[in-house]
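The values are calculated or read from the model by the stated rules, or taken from the named source; none is laboratory data. Here the structure is a predicted model, which is why all the values come from computation and not from measurement. Here the Cβ positions follow ideal geometry from the backbone for every residue, glycine too, while neighbour counts run over all protein chains shown.
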Amino acid sequence: MGNDNKPLNLLDEGTLREYIKSTVRSTVEEMLLYEMAFDLKTYKERIRNHAVQIATNWCLVRYTFYNDNFLQLRKHWMTELKTQLNALAIAKVSTRNQSDSKYKAVLNVWSEFEFDRDEYSINGQIANKFETEGIDILSEDYIKVVDDFKKETRHIAEIIASGDRTKVNNYVENLCA
């Protein structure tokens, strides 16, 4: 007969404490994010604050689909894009039809930036970052990426409006597939 009072020691105490602390922190952060509901005006402002970063990181990730010279940075850019898209996706909007309202809000802001119809507007927002990264903004690959983003704006809005982190993450993971 063994000692029934002796705890099973699968993890050391420090690892277990760190795991619990991390899990609690994540859960609390998610609860706080999910409990906050923004009015539509505030939500649109959040979109505006993320729009250029989303466009830039989307285009950087997509660029690695056409040009493998920057593969070492793909994961970093994907992480940034996921973070930005998820920040908008998980936000609650205080309206009756949350998904529809979020979708329309994103499209409205895309339209303000002219992301949905004008390659020159997209280029004007993202070119500096591409040049900083040493990417030729006159290259055929860059031009394809800008055109791809313009065509993809509605789909990105749908992904954000879904409110589903898994959809967002899968979408970003498949950008280069």
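Starting from residues that are charged (D, E, K, R) and touching a strand residue (DSSP E or B) at 6+ places or on another chain (Cβ under 8 Å), keep the ones in the range 67-110 and report whichever is farthest from His155 (Cα to Cα).
Lys92
Anything in the range 1-54 that is at pLDDT 70 or above, closer than 19 Å to Ser99 by Cα and of a type in the set (D, E, K, R)? List them, or say none.
Asp39, Lys41, Lys44, Glu45, Arg46, Arg48
Glu173 - would you say it is more than 12 Å from Leu60 (Cβ to Cβ), of a type in the set (D, E, K, R) and surrounded by 13 or more Cβ atoms within 10 Å (Cβ to Cβ)?
Considered against the rule, which asks whether it is more than 12 Å from Leu60 (Cβ to Cβ), of a type in the set (D, E, K, R) and surrounded by 13 or more Cβ atoms within 10 Å (Cβ to Cβ), Glu173 comes out as no.
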